[in-house]
Amino acid sequence: MSQTSLLALIIGVIIAVLVLPPAIILVVRSVAITSADATVGGFTLEHFARFIRNPELLHTLSNSLIFAVCSTIIGLLFGGSLAWLVERTNTRFKGLAYVTTIISMGTPYILYVSAWLFLLGRSGPFNDLYRQITGGFRPLFDPYSLGGMILIEGFLWSPLVFLLMSSTFRAANAEMEEAARMSGATVFRTIWTISIKMAKPSILALALFVFIRAIEAFEVPVLVGMPGKVNVLTTEVYQSIKETIPPDLGYASAYSVVLLAVVAVLLHFYGRLSRNAGRYSTVTGKGYRPRQFDLGGYRWIGDFLVLFNFCIVLLLPLLALLWLSLLPYMRAVSFAAIGNFSLHNYAVVLTSDYYRTLAMNTLTVGAVAATLGMILSFFVGWLSARRRPGGQILDQLATVPLVFPGVVMGVAFLMILLNVPLPIYGTIWALIIAYVVRYLPYGLRYTYTGVLQIHKELEEAAGASGATPLQALRRIIAPLLSPAIISGWLFIFLIATKELAVAVLLAGPSSQVVAVGMYDLWVNGQGGELAAFGLIWATIMALVASIFYFVAEKSGRGGLR
């Protein structure tokens, strides 16, 4: 057996052991009769029958669909329009868009949701201002509703939509837009008939991607939906485990299998949309130079939209968190409350062993999971991109976790860890293993694309000089691929440190991480400490996000050529 075949076999066994058991145990448990001690005593379809007989099923499905569709639209409108303005026009304040994106990437979702719940709450500044203007007593807006969920989730996704759409608009050829303008088309007609249509495949693919992630969203449904009794698919799974004694593993598994099937079908269509994007290429090999679109007299509208996005997506949540962090308890915005400002919450956070433990656990879990995930991604990306024996099978295996929503992944690993003799449930190793599996496909996209940018003739030259494939991999591919590896590592680290859905099911008393700690603080009404800790943590993660952004930009501009 050759070195390459042996490597493919070893990596294949490791990935199969990591990836296949979660899917298998979910399917088995969904049709199993489980006793009180979690052992399987037979098989039945009763769990699926209960799922179908659930009188709230249609309501839950409709909530999930409306939530995902509407939040996707809001995210695309905010992020997509901002990306076009920043990359294709002469609007000002472009730096604010990148600042918003970078800081948002480092901010835990639960912290962002908490800020908006305060802003939109019954005693929040928006409703308070409305009551002062109208003289009434009823609030204008209730955040603990389906509308509140949609609005907050849409805001959450707009920075990522901006980041992903920026590359599409940045590479778009301006000749068609300029031709339309010279032919007498107005600015808005040019945008509608040319700009949007050229980016149509990318927009549709991204819309489906955001829709999928909204279907499997966890933070907003748990923090906003559950208190308002607005259930979606993910909260049904979570409540089957956390709010039932003993945990209803069979029903949770049946729900999880249905959710898996929905996501798998959606990902299939997403893949088809992504593959067809090349039909709309506008960048050619002849003298292409991207040029900005002159907004003319409408430039002030672009300036306003950039500033509006900055205020809504970043500035207002940060100001809300700052306000909460300086008060001993949650109070409405008023001049009278300023007299109670203090740094007590910051003193508690900076001197408490509990918060230090949360930070250290999170940094450890994120760093180790990112390292292990990128090691596996490096080998799989190379074997797959170079069409080595077993490479395509490895690629397909490594992308299986994409169909797992976070809460479903948590349920699967919960059942696995309860049935294996290894005493790792409730430890950081349970989180690390789950995170490696969950984020393996993301690391693979970085390494696979990076290897494709490195010509095979470099490895062929090394082979002609007597080097083995593994020596060429270590001495040539690894150094050239380092920007992509670093970008992938930072990306996995950032999203792993924000993960709540998996951590809330697998973390034990000694393995609490930042997201779970923030969730507990919010549930227990400790908004001041949550805000103080969150601002300190978000500052640290924003620095990491800045490094990721600049490394990714350098890599994208030729770091692998």
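The values are calculated or read from the model by the stated rules, or taken from the named source; none is laboratory data. None of these values were measured; they are calculated from a predicted model. Virtual Cβ from ideal backbone geometry, glycine too; neighbours counted across all protein chains shown.
The residues listed here are G147, G136, G95; of these, the one that is surrounded by fewer than 23 Cβ atoms within 10 Å (Cβ to Cβ), small (G, A, S) and not in a helix (DSSP H, G or I) is G136.
Select the helices (runs of 4 or more DSSP H) contained entirely in the range 428-524, then report the ones holding at least 1 residues which are basic (K, R) and over 30 Å from P328 (Cα atoms).
428-452
Only one entry in A49, A16, A83 is small (G, A, S), within 26 Å of F493 (Cα to Cα) and outside the structural domain of V420 (by the TED database), namely A83.
Within the group I73, I10, which residue is out of contact with any strand residue (DSSP E or B) (no Cβ under 6 Å at 6 or more places or on another chain), at pLDDT 85 or above, of a type in the set (A, V, I, L, M) and not assigned by the TED database to the domain that holds F162?
One residue alone meets the criteria, I10.
Specify the residue that is surrounded by the most Cβ atoms within 10 Å (Cβ to Cβ); the eligible residues are those in the range 237-267 that are of a type outside the set (D, E) and over 17 Å from F404 (Cβ atoms). So, considering only residues that are of a type outside the set (D, E) and over 17 Å from F404 (Cβ atoms), the one surrounded by the most Cβ atoms within 10 Å (Cβ to Cβ) is Y251. With respect to being more than 30 Å from D294 (Cα to Cα) and outside the structural domain of P221 (by the TED database), R138 falls outside the description. Considering the range 325-341, the residues that are closer than 15 Å to L119 by Cβ and polar (S, T, N, Q) include one that is modelled with the lowest pLDDT, namely S334. Of all the listed residues (G228, G184), the sole one being modelled with pLDDT under 70 and of a type outside the set (S, T, N, Q) is G184.
For R213, the conditions (1) of a type outside the set (A, V, I, L, M); (2) part of a helix (DSSP H, G or I); (3) at pLDDT below 80 all hold with the exception of (3).
Is it fair to say L397 is at pLDDT 85 or above, within 24 Å of I11 (Cα to Cα), in a helix (DSSP H, G or I) and not small (G, A, S)? Spelling it out, L397 is indeed at pLDDT 85 or above, within 24 Å of I11 (Cα to Cα), in a helix (DSSP H, G or I) and not small (G, A, S).
Quick grid of which residues meet (1) over 25 Å from S167 (Cβ atoms); (2) aliphatic (A, V, I, L, M):
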site: G450; (1), (2): no, no
site: A467; (1), (2): yes, yes
site: L473; (1), (2): yes, yes
site: F493; (1), (2): no, no
site: G517; (1), (2): yes, no
site: A532; (1), (2): yes, yes
site: A545; (1), (2): no, yes
site: Y549; (1), (2): no, no
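Within the bounds of the range 483-493, is there any residue that is over 18 Å from the mean Cα position of the chain (by Cα), under 30 Å from T399 (Cβ atoms), hydrophobic (A, V, I, L, M, F, W, C) and buried (at least 24 other Cβ atoms within 10 Å of the Cβ)?
Yes, that holds for at least one residue.
Taken over the range 445-504, the residue count meeting the criterion of being touching a Pro at 6+ places or on another chain (Cβ under 8 Å) and among the β-branched types (V, I, T) is 1.
Among the residues making up the range 95-138, those that are of a type in the set (D, E, K, R) and closer than 19 Å to F335 by Cα are R122, D128, R131. Checking each residue in the range 389-436 for being aromatic (F, W, Y), touching a residue at least 24 places away in the same chain (Cβ under 8 Å) and more than 13 Å from A23 (Cα to Cα) picks out Y425, Y435.
Report, by residue number, each residue of the range 431-457 that is among the polar types (S, T, N, Q) and at pLDDT 85 or above.
Listed by number, the list holds a single entry, T447.
Mind listing just one residue for me: the one in the range 384-414 that is more than 20 Å from the chain's Cα centre (by Cα) and hydrophobic (A, V, I, L, M, F, W, C) and, of those, farthest from M374 (Cα to Cα)? Per the stated criteria, the residue is L414. When the residues of the range 349-377 are filtered to those that are more than 29 Å from T447 (Cβ to Cβ) and without any contact (Cβ under 8 Å) to a residue 24 or more places away in the chain, the one that is farthest from the chain's Cα centre (by Cα) is T351. Within the range 276-296, does at least one residue satisfy the condition of being modelled with pLDDT of 85 or more and over 20 Å from V31 (Cα atoms)? No, there is no match, as no residue in the range 276-296 is modelled with pLDDT of 85 or more and over 20 Å from V31 (Cα atoms). Restrict the check to the range 75-86 and report whether at least one residue is among the polar types (S, T, N, Q), in a helix (DSSP H, G or I), surrounded by 18 or more Cβ atoms within 10 Å (Cβ to Cβ) and in contact (Cβ under 8 Å) with a residue 24 or more places away in the chain. Among the residues of the range 75-86, at least one is among the polar types (S, T, N, Q), in a helix (DSSP H, G or I), surrounded by 18 or more Cβ atoms within 10 Å (Cβ to Cβ) and in contact (Cβ under 8 Å) with a residue 24 or more places away in the chain, which makes the answer yes.
Residue count for the range 505-538 satisfying the condition of being without any contact (Cβ under 8 Å) to a residue 40 or more places away in the chain and more than 26 Å from I416 (Cα to Cα): 4.
From the list I14, I24, I73, I52, which one is hydrophobic (A, V, I, L, M, F, W, C) and within 20 Å of the chain's Cα centre (by Cα)? Before the answer, list the steps.
Details: I14 fails: within 20 Å of the chain's Cα centre (by Cα); I24 fails: within 20 Å of the chain's Cα centre (by Cα); I52 fails: within 20 Å of the chain's Cα centre (by Cα).
Matching residue, one of I14, I24, I73, I52: I73.
Say whether the condition of being touching a helix residue (DSSP H, G or I) at 6+ places or on another chain (Cβ under 6 Å), surrounded by fewer than 19 Cβ atoms within 10 Å (Cβ to Cβ) and at negative phi is met by at least one residue in the range 403-422. Among the residues of the range 403-422, not one is touching a helix residue (DSSP H, G or I) at 6+ places or on another chain (Cβ under 6 Å), surrounded by fewer than 19 Cβ atoms within 10 Å (Cβ to Cβ) and at negative phi, which makes the answer no.
For the range 330-346, does any single residue satisfy the condition of being crowded, with 20+ Cβ neighbours inside 10 Å and in contact with a helix residue (DSSP H, G or I) (Cβ under 9 Å, 6 or more places away or on another chain)? Yes, the range 330-346 contains a residue that is crowded, with 20+ Cβ neighbours inside 10 Å and in contact with a helix residue (DSSP H, G or I) (Cβ under 9 Å, 6 or more places away or on another chain). For the condition at pLDDT 85 or above, out of contact with any Phe, Trp or Tyr (no Cβ under 6 Å at 6 or more places or on another chain) and not β-branched (V, I, T), L58 qualifies. When L560, L506 are screened for being of a type outside the set (D, E, K, R), farther than 23 Å from A434 by Cβ and either at pLDDT below 90 or in contact with a strand residue (DSSP E or B) (Cβ under 9 Å, 6 or more places away or on another chain) (or both), only L560 passes. For the range 346-367, the condition holds for at least one residue, the condition being that it is in a loop (DSSP other than H, G, I, E, B) and not acidic (D, E).
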